[in-house]
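First comes the structure, then the notes that go with it.
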Amino acid sequence: MTGAETFGAISVVPPLLAIVLAIVTRRAILSLFLGIWSGGIIFTGSHGIVQTLNWTVSSLGESLFNAKILTIVMFLGGGVAMIWRLGGAKAIANAATSRLDSQRKVGLATWIFGMLWFFGDYSNTAIVGTTMRDMADEMRMSREKLSYIIDSTAAPVATFGISSWVVYQLSMIEQGYEAAGISGQAPEAFSLFLQSIPFNMYCLFAIVMVGIIIITQRDFGEMLDAEHRSWKHGKVLRDNAVPMQSAEDSLGEMATDSPQLRYFLLPVGSLITVVFVGSAYTGVSGAGEGAALVDIVGSAAFVDALLWGSFSMVSMGLITGVAGGLMDLEEAMETIIDGFSMMLTAASILVMAWTIGTVTTELGTGIYVTNVAETIISPMLLPVVILFASAVIAFSTGTSWGTMAIVTPIAIPLAWSIGGSAPTLLPVAVGTVFSGAIFGDHCSPISDTTILSSTFTGADHIDHVRTQMYYAVTVILVASMMLLVWGATRITPFVLLPIGVGLLYGLVYGLSEWDASRKDLVPQATRTQQQSSPSDD
């Protein structure tokens, strides 16, 4: 018998319990663990804790794939820590920002730097936020605006780059395949990931939205108030704001007073080179000589290549730091271990996420929900249903990774079934899970990345959440409209994406004009520059 036939409706309890507990306790890891424990009780009765521990250990150690991902996450943390301590991040920021003399230029540099730092959202917020904060203050950019630029670039960019996010998403796709029992029939996980990118519309539009806000310098909602306050009075924080701790307290001081670009370019260049060469080599080896590019990409051992690349990043950082005389071997190793420590939260969420994915598979949650939902959800509505379900869960739990673990093993079987046991709807299901998860993350005050964005920019956390929410909601509405159009017409998303960008621009213009008018302000706070005076500072 299948898990769904054995456990039925009760199979939905573990993920629902995890969601409810996260809302009440605001502790995502604890809530995920208790959800897993409830699954163990359902599965075995009185031996629930034993089953829970067995599932957790198996998620941690039985799968070579999972072990590789955990190792990659650790290596990326060690590599980022080395680059920071050696001054590489500061050097690249100095090189990119040597001529910044306006708020627009500072904003553009922050946006571009954030897109270039695609290795992970934690390191993105830490490195970019810390290096750009002083320049943003000098140009009277509010801390709320800087936090928004950082937060709405970090996770969305990481979903497409050479990062732990990508390998995590690949593991979630594999979990979904196992839940649906289609591992041998569906496309390779990496191939499906590439196909899902155009449907990850929230992330794509969020990145574009940041650019629109920076270039037009138009704001609306509470961000408009924050920018006028900063421009007119030089107050980058509102009165009585409680800024988060400084980044230096978490990352430590740099080992040099004269940052040099080589300490960024050599480790990062090593990472990128090894990943691309390794992916190409394994792709050609797997697909054979003369194979099409799609087959080569689908056959590439991307996870293995990222493992090799992340190790080379750490190694190159260590070699250059010691050879350059900035650190001795002992200090370099301590820095790498500090980088490992920085990733412990991510690793913990990973293990809990994998385990609750195992629970939903064992209990047949995905199959049960599929059997119920396929009678009421049409192919047209499927993308939007998955998008908002993921968004609500991510907002409630504060973790996009945990949300992916809960939703993906349900969304993939549902998409396979509604699609007539064909892969047609799989890319849109995967893309919308990722989109909804990150949107909810952006709006959640208990999200780790949102908290880190406030921390490393020195913003008041609640002020950051409140000002960013207006923009995130605007983006998700545009994304949902485009997904509805796709569901109704099946127009290629490459046509819908530019339409969505145009709609975003129009909304920013219209909402900024309307909001400024009702507040008796101008929609571009930079126009008030002439009104400020030294006494305002």
Only helices counted: for the chain, with every DSSP H run of 4 or more residues adding -39500 (n - 2.57) and the sum spread over all residues, [θ] at 222 nm is -24500 deg cm²/dmol
Expected sort for I406, I393, I29, I49 with the fewest Cβ neighbours (10 Å cutoff) up front is I49, I29, I393, I406
Partner aspartates and glutamates whose C-alpha sits under 20 Å from that of K90, ignoring same-chain residues fewer than 8 away, are D101, D121, D134, D137, E138, D151, E248, D249, E253, D257, E331, D338
The lysines whose Cα lies under 20 Å from the Cα of K235, excluding any fewer than 8 residues away in the same chain, are K105, K145, K519
Two pseudo-spin positions, 7 Å from Cα along C-beta at L381 and at H47, lie apart in nanometres by 4.2
Checking the range 256-363 for GluC sites (Glu not before Pro) in a loop per DSSP with at most 15 other beta-carbon atoms within 10 Å yields E289
Given 312-320, 416-424, the highest-first ranking by average Cβ count within 10 Å works out to 312-320, 416-424
Note, I438: beta-carbon cut-off 15 Å, +1 each Lys/Arg, -1 each Asp/Glu, net -4
Applying the gyration tensor rule to the Cα atoms of the range 426-471 (axes a ≥ b ≥ c; rounded if a/c under 1.5, else prolate if a/b exceeds b/c, else oblate), the class is prolate
Whole-Å distance linking the alpha carbon centroid of the range 254-320 with that of the range 470-495 is 34
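Only the coordinates and a few stated rules stand behind these numbers; no lab work does. These numbers come from a predicted model, not from an experiment. We place every Cβ from the backbone using ideal geometry, glycine too, and count neighbours over all the protein chains shown.
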